Amino acid sequence: MTDDELERLLRAARPQTPADDGWSDSAESRHTLTRIMSSIAASNRRRRALRRARPFALGIGFSALVAAAVTVGVLNGDSPTASNEPPPGVIALPTTHAPHSGPAPAQRMALVAYTNCDAMLDGLRSHLASHIGPYGLGGGIRYGYGLAGGIAKDTTIGRVPAPSGAADPAAPDHSTTNVQETGVGEPDIVETDGRRIVSVSNGMLRVVDAASHEITGTLDLGVYAGAASAQLLMDGDRLLVILGSQMPYFRGGPMLDYAYPYDPATRGTTILLVDLAKADPSVVGTLHTNGGYVDARMVDGTARLVVQSAPTLTFEQPTGRLTNKQRTAYFRNLVEQAPLSAWLPTYSVTSGGTTSARSVPCDSVSHPVQYSGESMLTVYSVDLTGDLTDTQPITLAADGTAVYGSTTSLYVASSNGVKTQLHRFGVDGPGRPTYLGSGSVPGFLLDSYSMSEYQGALRIVTTKNASETSSSALYELDADSLRVLGSVGGLGAGEQLHAVRFIGALAYVVTFQSVDPLYVLDLSDAAHPRRAGELTVTGYSDYLHPVADGRLLGVGQSVNSQQIVTGLQVSLFDVDSPAHPSRIARITRNHTPSETPIDPHAFLFWPATGTAVVPVNSWEPDQSGAAVVLHVDKDALHVQGSIRNPAVATVGSYDTGIERTLVIGDDLWTMSSSGLQASDLHTLAKQAWVPFQ
């Protein structure tokens, strides 16, 4: 279906009415339709990977179209952006410029802080009021993430730990979480230090001794809301447990927030700091925020947790028959009467049996020059060797849906289907991060792998996909000013972006419609990035992983001539010559990655033996929930075999199949919701089974 056909359907589903005051034919209306179509186009990329002859697929697509049509009936377009001049009552701070950061910005970026709480309240009220329309905030129903909820159901801090013997300090070689940047930890559902495996599944935290294959400790997280989606960060004998539903990445802008059915009880984020030094894990302290979890990164034992909260405002519908102008004035008046507490992020800390409630102080809140007041982005800092008594939060009046981290910077991005906003924080040491600036580029972001910081530049790939022909572009920005230095566009015209990987001064970009172009981009000159090479192959890759010098592994889907997914495809690319990339090996199977597109944390590559592992689902019953084990040579791929964990389903739960794999010594461990299995790394022979039930 073309964009024009979709627009006609949407307008037919919601025709103009006398109460519109001409809105249906206005520029605001067209912008709203564009954002809806961008949202649908982004979701189509994920649905395409599931294109098989399944009757319910049509129902999903039709439901999305109907929901979009209904949305037109309640949405309001964006109001004009704010002035570039700082408003009264704010201070313009100078931009820092590190010597290594490349060219100095042509124009200094104003980083704006509030002079006091009154100025902050005035600014938030006025900016939010300018975005109010006849149907309230965002033109319709908005489920904010700043609502109450997510607090622990039980005030139990933890059980008294039992003593245990001393651990062997000489840990064998082992894999770690597959992360985007070396030295930057990412939350996952399993962690290991080579001596023990710490996992979370079905709301239960378990510690398994890797040598004895025994569960040595457990911690029931079921007393906390959000336990089903818990994630972990580990440093030594300390563990950070993040509880709370992770926010959806692409939301198509605030107007479509209501389409995601999140349980109100999980619209907060609870953090547990857990001590693993003794037999049973014990909770040292808890942090609960009123913000929804976006993501987290950890460098040198300090975790930065990013949460987002919405103003807690109630838009009661006016009585009587009012024009759109009268309705807008009514709702704006409500905003202009709202107290500062409606915006200020709140959190509570429990330590030593005492709970204290707090809010982020006004002097820790900043904002870009242009902002809407619709959401607050807060970064909390947790030193895993300490406690949670001082998380030194810093708040930005901005939105955030994706997080990328280097060892010195934390970037938070948000896409509304038209452009991507970027915010940079300095995290080159412990303690409070520093807000360094904001910027934007056209198009929407695929995921965090579409961003990379390198030699003072931020590289980012986005896609423009609205009523115009879709295409992707790479932008290089000065990291200090977030000013665009150079760009290269026209990537995958008429195609969807599927994967991005940055390796040094090169970028690899995969797009797909009928075939898979793999673009190689030379970024050695930040002001003049260029297309160095291109390869067109069948199928596509959703994830790219470097496996050796000049070699790149792609994990994705094989596709037949009718553009229907036929199964898993793993490709080995020779990229030694950027100008002449080639695919030198390929393996296909009648099953798909366990998550489509694959979660990078689910992929394992162990360079010592050239072992790659991909968890899969399949329409072949004996393969569903298994993991395919491959041997990667310099110029070839070989199937070593497959591993399946014993399937154990209980009342109220189901067996997920293999979700993660890791290597400890000569053992290949596979984790499912049923348990952990150890297999011989070389022969895949089963060595041990540790059931979770």
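The values are calculated or read from the model by the stated rules, or taken from the named source; none is laboratory data. Predicted model, so just to flag it, every value in this text is computed and none were measured. Please note: Cβ atoms are built from the backbone with ideal geometry, for glycine as well, and neighbour counts cover all protein chains shown. Surface areas here come from the heavy atoms of the whole protein model, side chains and all, with no ligands, DNA or RNA. Shrake-Rupley method; radii C 1.70, N 1.55, O 1.52, S 1.80 Å.
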(request) Just name the residue that is most open to solvent (accessible area, probe 1.4 Å) out of those in the range 649-666 that are at pLDDT 70 or above and part of a loop (DSSP other than H, G, I, E, B). (result) Asp666
(message) Consider the range 479-495. How many of its residues are open to solvent by less than 20 Å² (accessible area, probe 1.4 Å) and in contact (Cβ under 8 Å) with a residue 60 or more places away in the chain?
(response) 4
(request) Report whether or not Gly285 is in contact with a strand residue (DSSP E or B) (Cβ under 9 Å, 6 or more places away or on another chain) and either of a type outside the set (Asp, Glu) or not in a loop (DSSP other than H, G, I, E, B) (or both). (result) yes
(request) Taking Asp387 as the residue in question, decide whether it is outside any strand (DSSP E or B), closer than 30 Å to Leu276 by Cα and either among the charged types (D, E, K, R) or touching a Lys or Arg at 6+ places or on another chain (Cβ under 7 Å) (or both). (result) yes
(request) Out of the residues in the range 544-565 that are under 17 Å from Val639 (Cβ atoms) and of a type in the set (Val, Ile, Thr), state the one that is surrounded by the fewest Cβ atoms within 10 Å (Cβ to Cβ). (result) Val547
(request) Can you tell me which residue among Gly139, Gly194 is surrounded by 17 or more Cβ atoms within 10 Å (Cβ to Cβ), at positive phi and modelled with pLDDT under 95? (result) Gly139
(message) If a residue must be open to solvent by 20 Å² or more (accessible area, probe 1.4 Å) and more than 24 Å from Thr378 (Cβ to Cβ), how many such residues does the range 450-478 contain?
(response) 8
(request) Look at Val179 and say whether it is modelled with pLDDT of 95 or more, closer than 16 Å to Val690 by Cα, among the β-branched types (Val, Ile, Thr) and out of contact with any His (no Cβ under 6 Å at 6 or more places or on another chain). (result) no
(message) For the range 323-332, give me each residue that is within 13 Å of Leu128 (Cα to Cα) and open to solvent by 80 Å² or more (accessible area, probe 1.4 Å).
(response) Arg332
(message) Restricting to the range 404-424, count the residues that are hydrophobic (A, V, I, L, M, F, W, C) and either surrounded by fewer than 22 Cβ atoms within 10 Å (Cβ to Cβ) or farther than 24 Å from Leu384 by Cβ (or both).
(response) 3
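Okay, residues lined up against (1) more than 26 Å from Thr192 (Cα to Cα); (2) modelled with pLDDT under 95; (3) surrounded by fewer than 21 Cβ atoms within 10 Å (Cβ to Cβ); (4) not β-branched (Val, Ile, Thr):
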site: Asp576; (1), (2), (3), (4): yes, no, yes, yes
site: Arg583; (1), (2), (3), (4): yes, no, yes, yes
site: Thr588; (1), (2), (3), (4): yes, yes, yes, no
site: Pro600; (1), (2), (3), (4): no, no, no, yes
